[in-house]
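Each remark here refers to the structure printed beneath this line.
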Amino acid sequence: MSFKDTTINSNELFIIITGVLAYLLLFFLPKRFTRQQTFTMLLIGGYISTFFDNTVCIHPFNYYSVNDTPFMDFWDILSFVMFGPFSYFFVYAYTVIRKNRTTYFFYISIWALISMFTEALAWHAGVYHYKNGYQIFFSLPIYLIVLTLTMCYYQFFIKKQPRKNRLHK
Amino acid sequence: MILAVTLCLTWIVVNLFVMLPKKMSWEENLFLFLVSSITIMFALLIPAKRMYFDDPGYKYSLEGTMAFLTNRNIIFPILTLLSVNLIQYRGFWKQALVALVSLFVFLAFCRLEEKHTIVSSISLLQLTVFFIFYYSLMLSLLKCFRLLAEERKV
């Protein structure tokens with residue numbers, strides 16, 4: 001096991017800046033969901049990040065490592081927390097736009113491309129270190145699946161709720 | 001072989017959950033599934049560290065890893081959902097029975113499939129202490145989640 005640099009570098013700055021901006025935006029956006037729904041969406045984002053970082057990174061896959069240390073550290077946990085608001089934004093923006101039968105397909109595709117671009121930024125910042133031939137476009141099917149599952153959450157838990165139960169300001 | 005057994009167990013546990021009359025709403029079930037999965041993933045970092053941290057001397061088959069992942073991300077969280085749904089029934093003895101049976105199932109599962117659940121060997125006492133903390137945490141978080149809904153109604 002190799003121990004890498006543990007001082008604050010570009011990867012830690014990336015996590016802090018992205019996390020703070022995301023939570024500030026979440027805080028200042030007009031509320032459209034109940035507290036339970038907001039909290040669940042934050043958890044979905046955190047769960048997806050924790051799940052893939054604890055699955056794709058483990059033996060025998062070992063496709064990437066997160067941040068500077070081979071073991072789980074404070075910055076890894078903070079990166080899971082950082083991902084929370086993105087599920088919220090994904091659902092939030094979908095409730096705002098005008099929709100027809102094909103909107104969800106293009107919406108998920110665009111978000112998957114944005115996610116890949118963000119992952120590329122995170123890789124440049126040193127949050128992810130790819131191993132064993134892993135390349136960034138391998139993440140595309142993962143994003144398509146998790147975004148579709150998040151869309152299922154919207155369809156079954158938010159859209160199906162009676163309108164009076166939702167918050168609108 | 002181990003993957004086949006684990007998948008059969010998954011089928012049984014998922015169907016038990018489907019058949020169970022739910023005492024919690026779907027939102028609460030989803031919330032509990034997410035927090036229990038995240039807690040289990042973090043809790044396994046220490047006992048399963050050889051699998052997580054790229055130990056070159058550690059050999060583990062793909063089948064074994066798939067069984068481990070199925071146990072970690074499907075069977076354990078759904079067993080938690082089953083247990084927490086059942087403990088919502090009124091009556092001290094019913095609740096005590098559910099807690100005891102849950103503890104027994106948890107210990108038996110960890111011991112019988114040790115290599116694919118907790119990976120390394122852990123004593124019964126430590127497993128019991130972990131279960132008590134884990135179960136209390138799940139019940140407390142569920143209570144907090146319910147409070148979030150109540151605060152809005154006031």
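The values are calculated or read from the model by the stated rules, or taken from the named source; none is laboratory data. The shown structure was predicted, so the numbers you read here are calculated from the model rather than taken from an experiment. Methodologically, a virtual Cβ is constructed for each residue, glycine included, from the backbone with ideal geometry; neighbour enumeration extends over all protein chains shown.
Annotation: of all residues in the range B:81-98 being among the β-branched types (Val, Ile, Thr) and under 15 Å from B:LYS143 (Cα atoms), the one that is surrounded by the fewest Cβ atoms within 10 Å (Cβ to Cβ) is B:ILE87.
Residue-level analysis places B:LEU30 outside the set of residues that are outside any helix (DSSP H, G or I) and facing chain A (nearest Cβ under 8 Å). State the number of residues belonging to the range B:15-25 that are in a helix (DSSP H, G or I) and surrounded by 13 or more Cβ atoms within 10 Å (Cβ to Cβ). Number of matching residues: 2.
Table: residues versus (1) of a type outside the set (Ser, Thr, Tyr); (2) out of contact with any strand residue (DSSP E or B) (no Cβ under 7 Å at 6 or more places or on another chain); (3) at pLDDT below 90.
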{"residue": "A:LEU21", "(1), (2), (3)": "yes, yes, no"}
{"residue": "A:LEU43", "(1), (2), (3)": "yes, yes, no"}
{"residue": "A:THR55", "(1), (2), (3)": "no, yes, yes"}
{"residue": "A:PHE61", "(1), (2), (3)": "yes, yes, yes"}
{"residue": "A:VAL66", "(1), (2), (3)": "yes, no, yes"}
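The condition of being among the β-branched types (Val, Ile, Thr) and either within 22 Å of A:SER79 (Cβ to Cβ) or within 14 Å of chain A (Cβ to nearest Cβ) (or both) holds for only one of B:ILE118, B:ILE40, B:ILE87, B:ILE75, that being B:ILE40. For the range B:110-127, indicate whether the set of residues that are farther than 24 Å from B:ILE12 by Cβ, touching a residue at least 12 places away in the same chain (Cβ under 8 Å) and part of a helix (DSSP H, G or I) is non-empty. Taking every residue of the range B:110-127 in turn, at least one turns out to be farther than 24 Å from B:ILE12 by Cβ, touching a residue at least 12 places away in the same chain (Cβ under 8 Å) and part of a helix (DSSP H, G or I). Looking at B:LEU97, B:LEU82 in this structure, which one is at pLDDT 90 or above, within 10 Å of the chain's Cα centre (by Cα) and more than 10 Å from chain A (Cβ to nearest Cβ)? The match here is B:LEU82.
Within the range B:72-101, the set of residues being outside any helix (DSSP H, G or I) and closer than 13 Å to B:MET24 by Cα comprises B:ILE87, B:GLN88, B:TYR89.
Evaluation of A:ILE17 against the conditions (1) within 19 Å of A:MET151 (Cβ to Cβ); (2) of a type in the set (A, V, I, L, M, F, W, C); (3) out of contact with any Ser or Thr (no Cβ under 9 Å at 6 or more places or on another chain) shows that the sole unmet condition is (1).
Where helices (runs of 4 or more DSSP H) fall entirely within the range A:33-148, none has at least 1 residues that are within 14 Å of chain B (Cβ to nearest Cβ), touching a residue at least 60 places away in the same chain (Cβ under 8 Å) and exposed (fewer than 14 other Cβ atoms within 10 Å of the Cβ).
For the residues B:LYS153, B:LYS59, B:LYS143, the requirement of being at pLDDT 90 or above and surrounded by fewer than 19 Cβ atoms within 10 Å (Cβ to Cβ) singles out B:LYS143. In the range B:43-63, the residue that is farthest from the chain's Cα centre (by Cα) out of those that are among the small types (Gly, Ala, Ser) and more than 9 Å from chain A (Cβ to nearest Cβ) is B:GLY57. Of all residues in the range A:17-32, those being closer than 22 Å to A:TYR153 by Cα, part of a helix (DSSP H, G or I) and either within 14 Å of chain B (Cβ to nearest Cβ) or touching a residue at least 60 places away in the same chain (Cβ under 8 Å) (or both) number 4.
Is it fair to say B:ILE2 is without any contact (Cβ under 8 Å) to a residue 12 or more places away in the chain and more than 30 Å from A:ARG35 (Cβ to Cβ)? So B:ILE2 fails the test. Could you say whether any residue in the range B:78-97 is touching a helix residue (DSSP H, G or I) at 6+ places or on another chain (Cβ under 6 Å), within 20 Å of B:TRP26 (Cα to Cα) and free of Cβ contacts under 8 Å to residues at least 12 places away in the same chain? No, the range B:78-97 has no match at all.
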